[in-house]
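The values are calculated or read from the model by the stated rules, or taken from the named source; none is laboratory data. Computed from a predicted structure; not experimentally measured. FYI the Cβ positions are ideal-geometry reconstructions off the backbone, even for glycines, and counts take in every protein chain you see. What goes into the accessible areas is simple: the full protein's heavy atoms, side chains included, and nothing from ligands, DNA or RNA. Shrake-Rupley method; radii C 1.70, N 1.55, O 1.52, S 1.80 Å.
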Amino acid sequence: MSKQRAKLVVGNWKMHGRLAENATLLQAVAQGASALPGDLRVGVCVPSPYLAQAQSLLAGSRIVWGVQDVSAFTHGAYTGEVAAPMVVDFGASLAIVGHSERRAYHRESAELVAVKTQRVLEAGLTPIVCVGETLEEREAGATEQVVGTQLDEVLAKLSVQDAARIVVAYEPVWAIGTGKSATSEQAQAVHAFLRSRLAAKGAEVADVPLLYGGSVKPENAEELFRQPDIDGGLIGGASLKDQDFLAICKAAAAVVGVAG
Ligand code: PGA
């Protein structure tokens, strides 16, 4: 399982940003990323109103863009929802689903996350499916059971071909926005477990990108990305600062450069 896979670094802006500051950030990131070597893919998931801005400023760059959630429906009387095909209209290619903030604050069930993943795939987008345990669950020794169930609920609804098109992000809830990242050993252990669950779905699924998220910073990124089953990161707070986000991308490029 120490096969070298391309690294993927995706920014999750959450509900941050305004038109003027986004322009500065997007331009700086696009320019900085163009200079990076290596088999590296970079993305940003912006608030939906800024999709058109991302499209106009990132088209032609090495950065892809997307959203942080989609509706479980394709269209209809669902006030306030944004459907996956609408996102495609703006050249997006990524959609985060099942982020722990949506599971917690919007009571999204594992079933709903699985349906959203299907909608994202049907629209031709790449879903970044988030899984992760709370501190209580980790302390109770239930980490594998929790993340395994979250992943299995999604995989159960997908064909092997569709499952091979997803990205999975392991984001321990206790590490998100807390400044307290999982250690590289803790993260690698869960990633290896998730990798085995993916492989159980089918050989083609074993190599889907597995991102780590939760207080990734320039200081800890390289050590995390060096782990054999960590294929990159989903970056929250640090994706709002161009220098930090680019430093994290650089760490990913460095790891690919060395091992590849
Ligand atoms: P963080 O967030 O990097 O700010 O911890 C990660 C995420 O929630 O995706």
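Couple of notes before you dig in:
- The residues in segment 1-44 that are in contact with a strand residue (DSSP E or B) (Cβ under 9 Å, 6 or more places away or on another chain) and within 23 Å of Val205 (Cβ to Cβ) can be counted, and the count is 10.
- Leading residue by the ranking (most open to solvent (accessible area, probe 1.4 Å)) among those in segment 219-260 that are within 12 Å of the ligand (Cβ to nearest atom) and not aliphatic (A, V, I, L, M): Lys241
- Evaluated against (1) touching an Asp or Glu at 6+ places or on another chain (Cβ under 8 Å); (2) surrounded by 21 or more Cβ atoms within 10 Å (Cβ to Cβ), Glu171 falls short on exactly one condition, (1).
- Count of residues meeting criterion [out of contact with any Ser or Thr (no Cβ under 8 Å at 6 or more places or on another chain) and over 17 Å from Ala192 (Cβ atoms)] in segment 142-154: 3
- Qualifying positions in segment 176-212 - among the small types (Gly, Ala, Ser), within 15 Å of the ligand (Cβ to nearest atom) and either open to solvent by 30 Å² or more (accessible area, probe 1.4 Å) or at pLDDT 95 or above (or both): Gly177, Gly179, Ala187
- Total residues in segment 142-154 satisfying the condition of being crowded, with 22+ Cβ neighbours inside 10 Å and either more than 16 Å from the chain's Cα centre (by Cα) or away from the ligand (no atom under 16 Å from the Cβ) (or both): the figure is 2.
- Checking the stated criteria, Ser215 turns out not to satisfy the condition of being within 10 Å of the ligand (Cβ to nearest atom) and part of a helix (DSSP H, G or I).
- Near pairs, Cβ below 7 angstrom, 6+ apart or cross-chain, from segment 171-187 (in a helix (DSSP H, G or I)) to any residue that is of a type in the set (Phe, Trp, Tyr) and near the ligand (Cβ under 10 Å from one of its atoms): Ala187/Tyr212
- Whether a residue is more than 20 Å from His99 (Cα to Cα) and touching a His at 6+ places or on another chain (Cβ under 8 Å) was assessed, and Gln227 passes this test.
- The single residue among Glu139, Glu122 that is surrounded by fewer than 17 Cβ atoms within 10 Å (Cβ to Cβ) and closer than 20 Å to Val82 by Cβ turns out to be Glu122.
- Number of residues in segment 89-109 that are surrounded by fewer than 17 Cβ atoms within 10 Å (Cβ to Cβ) and more than 15 Å from Glu171 (Cβ to Cβ): the value is 6.
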